[in-house]
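The values are calculated or read from the model by the stated rules, or taken from the named source; none is laboratory data. Keep in mind it's a predicted model, so treat the numbers as computed, not measured. Note: ideal-geometry Cβ built from the backbone for every residue, glycine included; neighbour counts use all protein chains shown.
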Ligand code: C5P
């Protein structure tokens with residue numbers, strides 16, 4: 001008899017967290033939650049309201065709006081995926097732009113916003129059977145998760161991977177843009193005061209540089225099997 005667990009996957013940007021989290025969730029028939037999509041949806045809202053740009057951030061106006069901002073995941077029957085919704089509209093297509101990527105980590109430094117996101121994340125994990133990726137999942141959101149991974153890779157490789165992903169999605173972007181964005185976000189995510197990105201002491205650290213996605217999936221999955229049989 002196997003019981004469901006929570007799998008937390010944290011790490012720096014573009015290390016393959018979301019791809020591997022999706023693969024594990026599919027294999028286990030678990031829910032996959034992209035916690036970064038929630039911070040991106042909030043950033044998309046703030047940009048639309050003109051509360052944030054590269055030169056200004058009206059943090060208090062965004063805080064005031066929080067009671068009227070609903071960010072959750074809803075199932076899309078057409079592609080069989082859970083998509084992040086902002087006030088009941090799917091914003092999945094809008095949140096990967098460079099504009100959002102360049103501002104999201106600034107929004108993610110603020111405690112008021114993080115608390116709201118974590119509330120939703122707790123609800124999503126209440127029945128376990130979840131693979132969630134992000135920056136603080138194993139440290140803050142689910143410190144008791146049965147399995148925690150921390151993924152890392154060299155900056156050059158992460159930049160190349162992310163650039164290819166964005167080009168495949170038809171974004172007009174240069175390698176330099178991606179390099180600057182990833183360096184900026186890593187720096188903000190690691191050095192912020194609230195829930196900084198760090199390795200949980202009980203996480204399994206995996207450097208993804210020299211492995212294919214298939215190899216990584218098998219590597220991660222090898223840690224899952226004994227746990228779901230034991231739990
Ligand atoms: O995962 P993704 O790269 O889409 O996340 C975008 C940004 O959202 C991160 O760079 C980080 O600033 C923020 N984030 C966070 N905590 C999480 C997930 C994402 O602060 N759990």
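Can you confirm whether segment 54-67 contains a residue that is farther than 25 Å from residue 199 by Cβ and either surrounded by 21 or more Cβ atoms within 10 Å (Cβ to Cβ) or within 16 Å of the chain's Cα centre (by Cα) (or both)?
yes
Collect the residues in segment 129-143 that are touching a strand residue (DSSP E or B) at 6+ places or on another chain (Cβ under 8 Å) and over 15 Å from residue 19 (Cβ atoms), keeping them in residue-number order. Working first, answer last.
Initial filter on segment 129-143 (touching a strand residue (DSSP E or B) at 6+ places or on another chain (Cβ under 8 Å)): 129-139, 141-142.
If the condition is that a residue be touching a strand residue (DSSP E or B) at 6+ places or on another chain (Cβ under 8 Å) and over 15 Å from residue 19 (Cβ atoms), then 129, 130, 135, 136, 137, 138, 139, 141, 142 are the ones that fit.
Going residue by residue through segment 167-186, is there one that turns out to be in contact with a strand residue (DSSP E or B) (Cβ under 7 Å, 6 or more places away or on another chain) and at negative phi? Explain how you work it out, then say what you get.
We begin by selecting, within segment 167-186, every residue in contact with a strand residue (DSSP E or B) (Cβ under 7 Å, 6 or more places away or on another chain); these are none.
So far as segment 167-186 goes, no, none of its residues is in contact with a strand residue (DSSP E or B) (Cβ under 7 Å, 6 or more places away or on another chain) and at negative phi.
Quick check on segment 202-231: of everything there that is surrounded by 15 or more Cβ atoms within 10 Å (Cβ to Cβ) and without any contact (Cβ under 8 Å) to a residue 40 or more places away in the chain, which residue is nearest to residue 160 (Cα to Cα)?
Among them, the one singled out is 211.
Could you check residue 163 against (1) surrounded by 18 or more Cβ atoms within 10 Å (Cβ to Cβ); (2) more than 11 Å from the ligand (Cβ to nearest atom); (3) assigned to a helix (DSSP H, G or I); (4) in contact (Cβ under 8 Å) with a residue 40 or more places away in the chain and say which number it fails?
Condition (4) is where residue 163 drops out.
Hey, does segment 176-197 have a residue that's closer than 18 Å to residue 18 by Cα, within 13 Å of the ligand (Cβ to nearest atom), at pLDDT 95 or above and assigned to a loop (DSSP other than H, G, I, E, B)?
yes
Check 103, 98 and return the single one that is surrounded by 14 or more Cβ atoms within 10 Å (Cβ to Cβ), modelled with pLDDT under 95 and closer than 18 Å to residue 188 by Cα.
On the way: 103 fails: modelled with pLDDT under 95.
Exactly one residue qualifies, and that residue is 98.
Report those helices (runs of 4 or more DSSP H) wholly inside segment 17-136 carrying at least 3 residues which are away from the ligand (no atom under 12 Å from the Cβ), without any contact (Cβ under 8 Å) to a residue 60 or more places away in the chain and more than 30 Å from residue 220 (Cβ to Cβ).
The helices (runs of 4 or more DSSP H) meeting that bar are 35-48, 59-65.
Checking the condition in contact (Cβ under 8 Å) with a residue 24 or more places away in the chain, under 25 Å from residue 24 (Cα atoms), crowded, with 20+ Cβ neighbours inside 10 Å and over 16 Å from the mean Cα position of the chain (by Cα), which residue from 157, 147 passes?
Only one candidate qualifies: 147.
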